[in-house]
Amino acid sequence: MCGIVGYVGSREALPILVEGLKRMEYRGYDSSGVAMLGDGGIAVTKSAGRISVLEQCLDFDGTNETTGIAHTRWATHGAPNDTNAHPHCSADGRIAIVHNGIIENYDSLRTYLRNNGVECKSETDTEVLANLIGFLYKDDLEKAVKLALRESRGTYGIAVVCTDEPGVIVAAKKGSPLIIGIGTDEYIVASDQSAILSHTKQVVYLEDDEIVRVSKDGFRTTTLEDIPVTKDVEEIEWTLDQIELGGFEHYMLKEITEQPDALRDCLRGRIDSREGVVHLGGIVDISRELTRAKRLVMTACGTAWHAALVGEYLFEDLARIPTEIEYASEFRYRNPIIEDGTAVIAISQSGETADTLAALTEAKQRGALAIGVVNVVGSSIARLTDAGVFLHVGPEIGVASTKAFSGQVAVLAMLACYLGRRRHMSQQHAIEFLEALERIPEQIATVLEQNDACRAVAEAHVERDNWLYLGRGYHYPVAIEGALKLKEISYIHAEGLPAAEMKHGPIALITDQMPVVFIAPQGTQYDKIIGNIEEVRSRGGRIIAIATEGDTYIERLAESVIYIPHTLEPLQPLLSVVPLQLIAYHAAVLRGCNVDKPRNLAKSVTVE
């Protein structure tokens, strides 16, 4: 991985390719490159580092080629250097390829090629695939790609060009996203909608094991087994304005600030608080089966896993359904028990997270009802599930997820109320819950007004290398989400824990001046969290508290207090997480970190 863009049409390809690469920078990468197909063959330029480094090596005035492919790479096989950067060419120079994913049997394929006199120069699995296609090529690029992929095991989104077939791109997908943007006498192949959006909103989504031959005259889609496929043209729902910075210094700050409007969009048309009714059109067809479910399993990774933890409390409190949370990467490799009446909910912002996608596939194979909670329409998880709910929070560009987390929690809250109302929840309870949920966007806006206070907290403690985040009940998931935000963008070590577990070992970490963040709004466990604050305070820890407006008592114990408005306890995570996002953001800025593109991370993790 991480980003693919290809162009074939009548315009100069290079500026379009570079623009597409820049649109995908948010996904995370460590090298980039382009391959231009012209009368003189294939010209490849690639380099480690940022796209700005690549641009310095390109001659925009000296090219009029109308076909090319480009790539941003997040290193898997081989170090992030010029040699391992994509595109890769076959040994004879006729084939060039860009590739997201992992070819698992690349080593045996490399040996096969070596035994047939073909040597690879890089450490990558992708060059092996390029050489295999070149070895099998006999005047038909599409056929050679099909033959090579039939011998390959793993995941891929690829785009391939050949010197013998000018004006043609062959692309294929399995487990890694790939779409075709349709313009006027031109087509753009990409792994991300953002690379296409400034040129067209009309797209075709490739499914697994499909291959497409694209020229400026049109495209033809078949399966790897040569079965023709008729594709529907769909429209991207996002706008170009939504993926622009819009005057903000960083996408992360923009997306934190967008949360009130994002949640309004997420909730719009879905709740009727006067009647206590939730309308979720995406699950209508499976509503009876879902309502009768005996057990829910939610599977996710990273921030989405933390949203699932909040969802566990919501489903068990509101709908009284036994619920388990599984790391997707663990679920797929053990022998999970999927009994009759089990529904599996896969949560992913991108809808392309490889481990989550694989866990969902495993669950479906075992007979589970499969439901998706994703943000990207047309994504792989959205297309694989039996039903699902889109977040509708708009594109999220910053690698550290913020508004998608809020959207995930809001969707799970609606889904829990939807099921609760059908199982045991009274109408009055549902009305109170939905009325409180409707107020959340406005309440988040008031929390955002404390941005300066959050910056002051970061300034006071940014030099400390170890932080603790502690919460109870609904706030334990918020604690680990807050810790994740701090460490992934500021590189400060942070640990999130259930506050009661602190005494069972982690209290040994408490030192004088150590920042300890307590998520402590008033609720059922308020007295207990106050006791935990006292324990840390007596050992010299510096207390930062997230508390309910009007709670003056906690000011006696904490060095800093960030207040959130009063709401129902199950909805408090939607408010308490916002100050933690802001604290992490300001800490990263103060430390001079690349907020939107933290080191070693990618936005959409499409490899294991």
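Would you confirm, using the coordinates I've provided, whether residue 568 is hydrophobic (A, V, I, L, M, F, W, C) and buried (at least 24 other Cβ atoms within 10 Å of the Cβ)? Walk me through it before giving the result.
Details: hydrophobic (A, V, I, L, M, F, W, C): yes; buried (at least 24 other Cβ atoms within 10 Å of the Cβ): no.
For residue 568, the condition - hydrophobic (A, V, I, L, M, F, W, C) and buried (at least 24 other Cβ atoms within 10 Å of the Cβ) - is not met.
Given the stretch 74-190, what strands (runs of 3 or more DSSP E) lie entirely inside it while holding 1 or more residues that are on the phi < 0 side of the Ramachandran plot and among the aromatic types (Phe, Trp, Tyr)?
Counting at least 1 such residues, we get 156-162, 187-190.
Let's see how each residue does on (1) of a type in the set (A, V, I, L, M, F, W, C); (2) under 24 Å from residue 429 (Cβ atoms); (3) surrounded by 14 or more Cβ atoms within 10 Å (Cβ to Cβ):
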| residue | (1), (2), (3) |
| --- | --- |
| 277 | yes, yes, yes |
| 280 | yes, yes, yes |
| 294 | no, yes, no |
| 297 | yes, no, yes |
| 300 | yes, no, yes |
| 304 | yes, no, yes |
| 338 | yes, no, yes |
| 346 | yes, no, yes |
#### Entry: Condition broken by residue 117, with the remaining ones in (1) out of contact with any Cys (no Cβ under 8 Å at 6 or more places or on another chain); (2) open to solvent by less than 10 Å² (accessible area, probe 1.4 Å) satisfied
(2)
#### Entry: Odd one out for residue 76 among (1) surrounded by fewer than 24 Cβ atoms within 10 Å (Cβ to Cβ); (2) touching a helix residue (DSSP H, G or I) at 6+ places or on another chain (Cβ under 7 Å); (3) in contact (Cβ under 8 Å) with a residue 24 or more places away in the chain; (4) among the β-branched types (Val, Ile, Thr)
(2)
### Query
Looking at the stretch 422-438, which of its residues are part of a helix (DSSP H, G or I), over 27 Å from the mean Cα position of the chain (by Cα) and surrounded by fewer than 22 Cβ atoms within 10 Å (Cβ to Cβ)?
422, 423, 427, 428, 429, 431, 432, 435, 436
### Query
What number of residues in the stretch 204-218 are at pLDDT 95 or above and under 23 Å from residue 15 (Cβ atoms)?
1
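Does the stretch 64-110 hold any residues that are of a type in the set (D, E, K, R) and either under 28 Å from residue 597 (Cα atoms) or within 25 Å of the chain's Cα centre (by Cα) (or both), and which are they? Give the derivation first.
Just the residues of the stretch 64-110 that are of a type in the set (D, E, K, R), to begin with: 65, 73, 82, 92, 94, 104, 107, 110.
Scanning the stretch 64-110 gives 73, 82, 104.
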### Query
Within the stretch 1-46, which residues are touching a helix residue (DSSP H, G or I) at 6+ places or on another chain (Cβ under 6 Å), closer than 22 Å to residue 92 by Cα and open to solvent by 10 Å² or more (accessible area, probe 1.4 Å)?
45
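Quick one: which strands (runs of 3 or more DSSP E) sit completely within the stretch 502-608 and have at least 1 residues that are hydroxyl-bearing (Ser, Thr, Tyr)? Don't jump to the end; show me each part of the working.
Working: elements: 515-519, 542-548, 560-564.
Result: 542-548, 560-564.
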### Selection within the stretch 509-550 - free of Cβ contacts under 8 Å to residues at least 40 places away in the same chain, among the hydrophobic types (A, V, I, L, M, F, W, C) and more than 30 Å from residue 589 (Cα to Cα)
530
### Query
Is at least one residue of the stretch 506-518 modelled with pLDDT of 95 or more, open to solvent by 20 Å² or more (accessible area, probe 1.4 Å), closer than 18 Å to residue 579 by Cβ and in contact with a strand residue (DSSP E or B) (Cβ under 6 Å, 6 or more places away or on another chain)?
no
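The values are calculated or read from the model by the stated rules, or taken from the named source; none is laboratory data. Predicted, not measured: the structure shown is a model, and the values here were computed from it. Counting neighbours? That spans all protein chains shown, and the Cβs are built from the backbone with ideal geometry, glycine included. Calculation scope for accessible area: heavy atoms of the full protein, side chains included, ligands and nucleic acids excluded. Shrake-Rupley method; radii C 1.70, N 1.55, O 1.52, S 1.80 Å.
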